[in-house]
1. Given the criteria closer than 30 Å to ALA9 by Cβ and without any contact (Cβ under 8 Å) to a residue 60 or more places away in the chain, does ARG79 qualify?
2. Please go through the range 1-33 and pick out each residue that is outside any loop (DSSP other than H, G, I, E, B) and touching a strand residue (DSSP E or B) at 6+ places or on another chain (Cβ under 9 Å).
3. For the range 48-60, enumerate the residues that are of a type outside the set (A, V, I, L, M) and without any contact (Cβ under 8 Å) to a residue 12 or more places away in the chain.
4. What single numbered condition from (1) closer than 24 Å to MET63 by Cβ; (2) not in a strand (DSSP E or B) fails to hold for SER126?
5. With respect to the numbered conditions (1) touching a residue at least 24 places away in the same chain (Cβ under 8 Å); (2) not in a loop (DSSP other than H, G, I, E, B), which one is the sole condition not fulfilled by GLY121?
6. Considering only the range 7-34, state which residues are in contact (Cβ under 8 Å) with a residue 60 or more places away in the chain and farther than 20 Å from THR111 by Cβ.
7. I'd like to know if the range 44-61 contains one or more residues that are buried (at least 16 other Cβ atoms within 10 Å of the Cβ), in contact with a Lys or Arg (Cβ under 8 Å, 6 or more places away or on another chain) and small (Gly, Ala, Ser).
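Please treat every number below as a calculation from the coordinates, not as lab data. What you see is a predicted model; the values in this text were computed from it and never measured. Using ideal geometry, Cβ is built from the backbone for each residue, glycine included, and neighbour counts are taken over all protein chains shown.
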Amino acid sequence: MAENITMKARDTIMAKAAECFLTIRGRRYNFMMMKDMEVKIEKTKSKVARLGAMMVGHKSCGMEGTFSGTAHYNQSVLRQALKDYKDSGEDIYFEMQITNDDKTSRARRQTVVLYDCNTDGGILSSFDADGDTIEESIKGTFEDFSIPESFTLLNGFLAN
C-alpha cells in the first residue's frame with residue numbers, strides 16, 4: 001500500500017496575499033479597497049435523452065462567467081462608469097486581474113485575467129449613522145478569461 005502524503009499547512013494560500021487590478025478605458029487601477037472577491041464559471045449544459053438509459057445524459061454547450069465581491073466604499077471609478085453609461089448610452093467594459101501570491105506556500109502564485117467585465121449596477125451613494133465604515137457589493141459578468149500564471153503542483157498532488 002502506498003504511503004499517504006499529507007499536505008503541509010504552510011502550503012495553503014493566505015487569503016490576504018492577493019491583489020486586484022482593473023483596467024478601464026486604458027487606465028489601470030489598483031483596486032486595493034476590495035475586501036473579498038469570488039469569480040465563478042458556470043457551465044451551460046443541455047439534457048440529453050439516451051435510448052436504453054434510465055439516466056438523462058448531460059452535454060456541456062457553453063459557459064457563463066460572474067464575479068462578486070465586497071469593497072470599502074472609497075472609490076468613484078465604477079460609479080462614474082455608470083454615470084457615463086446613463087449619459088451616453090455606451091456601456092463600459094473593463095479588464096480585471098487577480099493574483100494570489102503567498103510566498104510561504106510552495107503552490108506560489110496564480111494570476112487570472114477576466115476580459116470584457118461589466119458590472120450589474122452599483123451603489124451611487126451610501127451612509128450609516130450607526131456604522132463604523134461603509135462597504136459596497138460589486139457584482140458583474142465577464143466574457144472571457146486567461147490564466148497566465150498557475151499554482152505550482154504540490155508534492156504528492158499528482159498521484160500517477
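1. Details: closer than 30 Å to ALA9 by Cβ: no; without any contact (Cβ under 8 Å) to a residue 60 or more places away in the chain: yes.
The answer is no for ARG79.
2. Step one: list which residues in the range 1-33 are outside any loop (DSSP other than H, G, I, E, B), which gives 9-11, 18-24, 27-30.
ALA18, GLU19, CYS20, PHE21, LEU22, THR23, ILE24, ARG28, TYR29, ASN30 - these are the residues of the range 1-33 that are outside any loop (DSSP other than H, G, I, E, B) and touching a strand residue (DSSP E or B) at 6+ places or on another chain (Cβ under 9 Å).
3. Listed by number, the residues that qualify are ARG50, GLY52, GLY57.
4. The number of the failed condition is (1).
5. So the condition that GLY121 fails would be (2).
6. MET7, LYS8, ARG10, ARG25
7. no
Matching residues to (1) under 20 Å from the mean Cα position of the chain (by Cα); (2) assigned to a strand (DSSP E or B):
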| position | (1), (2) |
| --- | --- |
| GLY52 | no, no |
| SER60 | no, yes |
| GLY65 | yes, yes |
| GLN75 | yes, no |
